[in-house]
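Shown next, in structure tokens, is the structure this report addresses.
The values are calculated or read from the model by the stated rules, or taken from the named source; none is laboratory data. Values in this document were obtained by computation on a predicted structure and should not be read as measured data. Every residue, glycine among them, receives a Cβ derived from its backbone with ideal geometry; neighbour counts consider all protein chains shown.
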Amino acid sequence: MPLTLRVSKDADGQTVRVHPAGSLDSTTAPTLERELTPLIGGTLKALVLDMEGVTFVSSAGIRVILAARKQLADRGGSLLIANLQPSVAKAFEIVRAIPDMSIFRSIDELDDYLAAMQRKAGGPPR
Amino acid sequence: MEPRAALAEALGGRSVLVVEREPDAGGSLAASLRALGLTVASAGSGPEALLRLAREGETAFGLVVLAGDLPGMGAAGLERALRGRPETRALPVVTLPGAPADPVALLGALDGGGRAMPPFDLAGQSARLGLAPPELAELLHAFAPQAVQHLADLAQLVAARDAAGARREAHTLAGAAGNLGGAALQHAARALEHAARDGGDLDAPLAAVERAGRDLLASIARLAVEAPAAERAPAAPRGELADRRVLVVDDVPTNVDILARALRDDYRITIAGDGESALRSVAHAPPDLVLLDIMMPGLDGYEVCRRLKRDPATRDIPIVFLSSLDEAPDKAKGFEAGAADYITKPFEILEVRARVGALLRAKAYQDAVRELLESELRVAREIQRGLVPRDFAALTTGAVECFACLEPARAVGGDLYDVFRLDDRRLCLVIGDVSGKGIPAALFMVMTLTLIRGIARLSGRPDEILARVNDALAADNPSSMFVTLFCAVLETDSGRLVCASGGHPSPLLVGPDGAPRPALATEGTLVGVLPGVAYPSAELALAPGETLLAYTDGVTEARSPDGGLLGDARLRAFLDGRRTGAPRETVAHVLAAVRTFAGTAEQADDIAILAVRYGTPTVPDAGGLALELRATLDDLARASESVRGFCEARGVPADALHDVLLSLDEVVSNIVTHGYRGDASGRITVRLALESDHVRLEIRDEAAPFDPLGAAPPDFQVSADARPPGGLGVYLARALTDSMEYERAGGENRLRLTRALRRPASE
């Protein structure tokens, strides 16, 4: 299945949200990579991946997400993921990607976390 | 015998009279003669000497030594005076340039009975050798101690009655002496050499050699009055052949020296001191010509020559023997060994230069002609390769796949193949073999190919094609060449094959359903000999997965190094083990088998192999899904859609379907990326079957062997983004499926996975 993407930026300009939809497999993973790369460059502090619409993720997709996370972390930013579908969550779990990532059960949880971080640091989250 | 002892013996107790300006000065001739253990009387001038001789009696003295710079009447005048008087005429006289007195020169004077020795003809010998006189003088001085050694060794060998050793030593001495212009010593040594060869008396010839040796040494000693020669600085070689390299091989350093000096203005010179080093030098950097001595320790010149002529890499280097063996049998043996020329020593440098130059010019011409021919052949080979189709992916039609190869035995050859479309349903296949090899066969091959292509477009029937090609070739064939041809037309949607053979060995049918067997029973007539021949037509049908394998007799008539033939039976047995491979692999395997069988033997005949496969072998599938993919991600996406559609239509639960699709994605993307490494023509087969309680998925590819079960799992101790990439996909697939099995068979990787339709809820 093809992959579509919706991107939005928060009002404070510090957080970008990406909503992929469809199948994140070997054929479509390069598309996600292409879309994420320009977003990560620069001073972005938090990238949110809302995975509600993603029905399928293969190791190729997981690799793109892990790479994005690392690139962000190198610049002091963070990648936050929410709304993994059960089968997708299972794949992440199998490859033990979860301990390294910030994965939330819902967007509300994620937003609470974000807000808490901003309060704690008195600024953008680390 | 040691010089001092010889002197004492020759003098027999008599004194030596020294005539020099200041006999009592330190460093005088008189003093040096006393140092030699001789009894010395001295005179300070010519008249004083004459007086002394008259007073004490000429018999009291055994030798008169004159200083070269004697004042007054001078050394020459005194010598004339002594000759003029009967009492002193026989008295040995020698003029020396100065102290210290050279005992060898003294011996020479004593032995020669006092006769005036002719001075060494430095000018004449230098001219002969093409050297400047001071250069030759230097070489002679360098030779003197070697000559003393040779004489001593010779005396020992004769005393030990070692005839063979004496012969060798005498030969070497004769050669060196002759080279340098010492003719008397050369002849005496030669006489000793022949005496040793013929088993005659050696003592008398040895005495003659020793006499001649001492004469020569005395002459050389006289050359000391010349100023030491300044070494002529070697200039770079000049002339049209200045970059040619000449290897000079001789075990006597003097000989090498002379030749090197004489030739180094014209060519680059390399030297070797014996046969073994000569062969090593040639192997390291082949020269353009070899000047070769014959008598050397170890390998002699004949053997060196023979070995160089045996090796194809050095066969064409001209070899010139340069030897003092000057008898007809020696020369004949030299030419028999393969030499281009034979020059005897002592040589005239003009002659050596002329002959070397002529041979090098001849070789340069030969090399130029060969290079021209080879470069034209290289171009011709490329043209010929371009004539036969090589883009087989473009020729793939429906279920038909083909591949072929062409390997001429020489640069160009007479085998041919062709594959081309007659229309979108029919493919024309041709393989053939022109009589002979090389350029004539290649030209005939091009003509045949062109004719077939033209005629096939007019007539789609192989029997007619062969008949008309035959008429055209036979009509204008003065050299009576012929070609064997097999021609077939294949319907790509049905596998139906119509074919005809013009004297060509029958192709084989290779398939999953039985052992390889010939496609045709009869071979028909050769093409191109007689016009008006009819060719029988045959029809057959290729079964799904069956391959038509056509070849030329370069395959079946390949010879192994011990002379065995590959043969039909061996070819069939080989194909029997590879019945289901794709055409590309089948052709590669057959060619590899021929090369392995032939081993080090040269390819004797041109080779052509053509394989055409109809469909892929299908396994009986009860209600399953079978897909053929190319190794592209697009094909993977389409395959995934097919699997999804198939499974959803049959009520496979979503989670099982998800895991099956994920496993398919992981396995196939690995094959595309790592197995076929991006080669989009790689084939992948996917088969899916639904059992009562599980899904069975089989994925096959023809890439290099790879067992995913053998791959190490990712290192989960390391954080995810610090791990090297890879291994994740297989790991995922294994985790999501219930079983995974790997097999390597029929040239394929085969992976089988199963996934239960329903898993217990705790999973």
So B:V643 clears everything in (1) under 37 Å from the mean Cα position of the chain (by Cα); (2) part of a helix (DSSP H, G or I); (3) of a type outside the set (S, T, N, Q) except one condition, right? Which one? (1)
Within the stretch B:543-591, considering residues that are in contact with a helix residue (DSSP H, G or I) (Cβ under 9 Å, 6 or more places away or on another chain), assigned to a loop (DSSP other than H, G, I, E, B) and aliphatic (A, V, I, L, M), the one farthest from B:G413 (Cα to Cα): B:L566
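Kindly indicate whether B:R650 is more than 12 Å from every other protein chain (Cβ to nearest Cβ) and farther than 28 Å from A:Q85 by Cβ.
Here the answer is no, as B:R650 does not meet what is asked.
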How many residues are out of contact with any helix residue (DSSP H, G or I) (no Cβ under 7 Å at 6 or more places or on another chain) and either surrounded by 16 or more Cβ atoms within 10 Å (Cβ to Cβ) or closer than 24 Å to B:G511 by Cβ (or both) if we restrict to the stretch B:592-607? 4
Given the criteria buried (at least 19 other Cβ atoms within 10 Å of the Cβ) and in contact (Cβ under 8 Å) with a residue 40 or more places away in the chain, does B:L629 qualify? yes
So, in the stretch A:41-71, exactly how many residues are more than 10 Å from every other protein chain (Cβ to nearest Cβ) and surrounded by 19 or more Cβ atoms within 10 Å (Cβ to Cβ)? 10
Might you check whether a residue that is crowded, with 18+ Cβ neighbours inside 10 Å and not in a strand (DSSP E or B) occurs anywhere in the stretch B:414-430? yes
List the pairs whose first member sits in the stretch A:14-32 and is more than 9 Å from chain B (Cβ to nearest Cβ) and over 17 Å from B:L728 (Cβ atoms), whose second member is surrounded by fewer than 17 Cβ atoms within 10 Å (Cβ to Cβ) and of a type in the set (D, E, K, R), and whose Cβ atoms are under 6 Å apart, counting only residues at least 6 apart or on separate chains? A:V16/A:K9; A:H19/A:R6
Among the listed residues B:V356, B:V369, B:V352, identify the single one that is in a helix (DSSP H, G or I) and free of Cβ contacts under 8 Å to residues at least 24 places away in the same chain. B:V369
Across the stretch A:18-61, the tally of residues that are in contact with a Gly (Cβ under 9 Å, 6 or more places away or on another chain) and either in a strand (DSSP E or B) or over 24 Å from A:E109 (Cβ atoms) (or both) stands at 20
Which residue pairs have Cβ atoms closer than 6 Å, lie 6 or more positions apart in sequence or on different chains, and pair a first residue in the stretch A:82-96 that is within 7 Å of another protein chain (Cβ to nearest Cβ) and in a helix (DSSP H, G or I) with a second residue that is of a type in the set (A, V, I, L, M) and crowded, with 21+ Cβ neighbours inside 10 Å? A:A91/A:V57; A:I94/B:L732
Mind listing whichever residues of the stretch B:161-211 are outside any helix (DSSP H, G or I) and closer than 25 Å to B:P253 by Cβ? B:D162, B:G181, B:G182
Here are B:S479, B:S435, B:S459, B:S494: which of them is surrounded by fewer than 17 Cβ atoms within 10 Å (Cβ to Cβ) and within 43 Å of the chain's Cα centre (by Cα)? B:S479
Would you confirm, using the coordinates I've provided, whether A:L36 is crowded, with 22+ Cβ neighbours inside 10 Å, in contact (Cβ under 8 Å) with a residue 12 or more places away in the chain and more than 9 Å from chain B (Cβ to nearest Cβ)? yes
Which residues, taken from the stretch B:26-57, are assigned to a helix (DSSP H, G or I), modelled with pLDDT of 85 or more, of a type outside the set (G, A, S) and surrounded by 13 or more Cβ atoms within 10 Å (Cβ to Cβ)? B:L29, B:L33, B:R34, B:P47, B:E48, B:L50, B:R52, B:L53
